[in-house]
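J.: Pasting a structure here, questions to come.
The values are calculated or read from the model by the stated rules, or taken from the named source; none is laboratory data. A quick note: this is a predicted structure, and the numbers were derived from the prediction, not measured. Every residue, glycine as well, gets a Cβ built from its backbone with ideal geometry; the counts of neighbours run over all protein chains shown. The accessibility values were calculated without ligands, DNA or RNA, using every heavy atom of the protein model including side chains. Shrake-Rupley method; radii C 1.70, N 1.55, O 1.52, S 1.80 Å.
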Amino acid sequence: QVQLVESGGGLVQAGGSLRLSCTASTSRFSIYTMGWYCQAPGKQRDLVAGITNGGITNYADSVKGRFTISRDNAKNTMYLQMNSLKSEDTAVYYCRADFMGRYYWGQGTQVTVSS
């Protein structure tokens, strides 16, 4: 069982920045493919950005050029740097860890962007 704890959410004005963190309770963090997902009220949970255990990244079209995903395997932590935030980025952000068909979710952190 892997526990994931997100932090860094909050209230920010449009155009501002936030950095989310996701820390995993495993010494084998480096083997996991990690991802950030968001879920707005009444909507499905969608992938925002992902990073493989080899460091390959992918992004949703809506965040390309604004968000950057990264990981620090020595700290068992993944990050999401969110710049130029828009009101439509408002959602609960979840991190997820995947390995060999098994996956784990964090509890989520709220991001609210005021216009």
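J.: Can you tell me which of Asn53, Asn58 is modelled with pLDDT of 95 or more, farther than 21 Å from Ser114 by Cα, of a type in the set (S, T, N, Q) and in contact with a Phe, Trp or Tyr (Cβ under 9 Å, 6 or more places away or on another chain)? Explain how you work it out, then say what you get.
T.: Details: Asn58 fails: in contact with a Phe, Trp or Tyr (Cβ under 9 Å, 6 or more places away or on another chain).
Answer to the selection: Asn53.
J.: Kindly evaluate Leu4 against the criterion of being out of contact with any helix residue (DSSP H, G or I) (no Cβ under 7 Å at 6 or more places or on another chain), open to solvent by 30 Å² or more (accessible area, probe 1.4 Å) and modelled with pLDDT of 95 or more.
T.: Values: out of contact with any helix residue (DSSP H, G or I) (no Cβ under 7 Å at 6 or more places or on another chain): yes; open to solvent by 30 Å² or more (accessible area, probe 1.4 Å): no; modelled with pLDDT of 95 or more: yes.
No.
J.: Could you please give the count of residues in segment 25-42 that are modelled with pLDDT under 95 and hydrophobic (A, V, I, L, M, F, W, C)?
T.: The number of residues fulfilling the criteria is 0.
J.: Which members of segment 7-29 meet the condition of being touching a Cys at 6+ places or on another chain (Cβ under 6 Å) and open to solvent by 30 Å² or more (accessible area, probe 1.4 Å)? Give the steps one after another, and end with the answer.
T.: So the first thing to find is which residues in segment 7-29 are touching a Cys at 6+ places or on another chain (Cβ under 6 Å), and the list is 22.
None - no residue of segment 7-29 is touching a Cys at 6+ places or on another chain (Cβ under 6 Å) and open to solvent by 30 Å² or more (accessible area, probe 1.4 Å), so the list stays empty.
J.: So which residues in segment 7-34 are in a strand (DSSP E or B) and touching a helix residue (DSSP H, G or I) at 6+ places or on another chain (Cβ under 6 Å)? Spell out the reasoning first.
T.: Initial filter on segment 7-34 (in a strand (DSSP E or B)): 7, 10-13, 18-24, 33-34.
Listed by number, the list is empty, since nothing qualifies.
The rows are residues; the columns are (1) more than 15 Å from Ala24 (Cα to Cα); (2) among the acidic types (Asp, Glu); (3) assigned to a loop (DSSP other than H, G, I, E, B).
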{"position": "Ile69", "(1), (2), (3)": "yes, no, no"}
{"position": "Leu80", "(1), (2), (3)": "no, no, no"}
{"position": "Leu85", "(1), (2), (3)": "yes, no, yes"}
{"position": "Arg96", "(1), (2), (3)": "no, no, no"}
{"position": "Tyr104", "(1), (2), (3)": "no, no, no"}
{"position": "Gln107", "(1), (2), (3)": "no, no, yes"}
{"position": "Val111", "(1), (2), (3)": "yes, no, no"}
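J.: Being open to solvent by less than 70 Å² (accessible area, probe 1.4 Å), within 21 Å of Gln110 (Cα to Cα), touching a strand residue (DSSP E or B) at 6+ places or on another chain (Cβ under 6 Å) and in contact (Cβ under 8 Å) with a residue 24 or more places away in the chain is true for just one of Tyr59, Tyr79, Tyr32. Which residue is that?
T.: Numbers: Tyr59 fails: in contact (Cβ under 8 Å) with a residue 24 or more places away in the chain; Tyr32 fails: within 21 Å of Gln110 (Cα to Cα).
Every option except Tyr79 fails the conditions.
J.: Checking the conditions here, which among Arg45, Arg71 is out of contact with any helix residue (DSSP H, G or I) (no Cβ under 6 Å at 6 or more places or on another chain) and open to solvent by 50 Å² or more (accessible area, probe 1.4 Å)? Step through it out loud before you land on a result.
T.: Numbers: Arg71 fails: open to solvent by 50 Å² or more (accessible area, probe 1.4 Å).
Exactly one residue qualifies, and that residue is Arg45.
J.: When both residues are 6+ apart or on different chains and their Cβ atoms are under 7 Å apart, which pairs have a first residue that lies in segment 3-28 and is at negative phi and β-branched (Val, Ile, Thr), and a second that is surrounded by 13 or more Cβ atoms within 10 Å (Cβ to Cβ) and modelled with pLDDT under 95?
T.: Thr26/Val2
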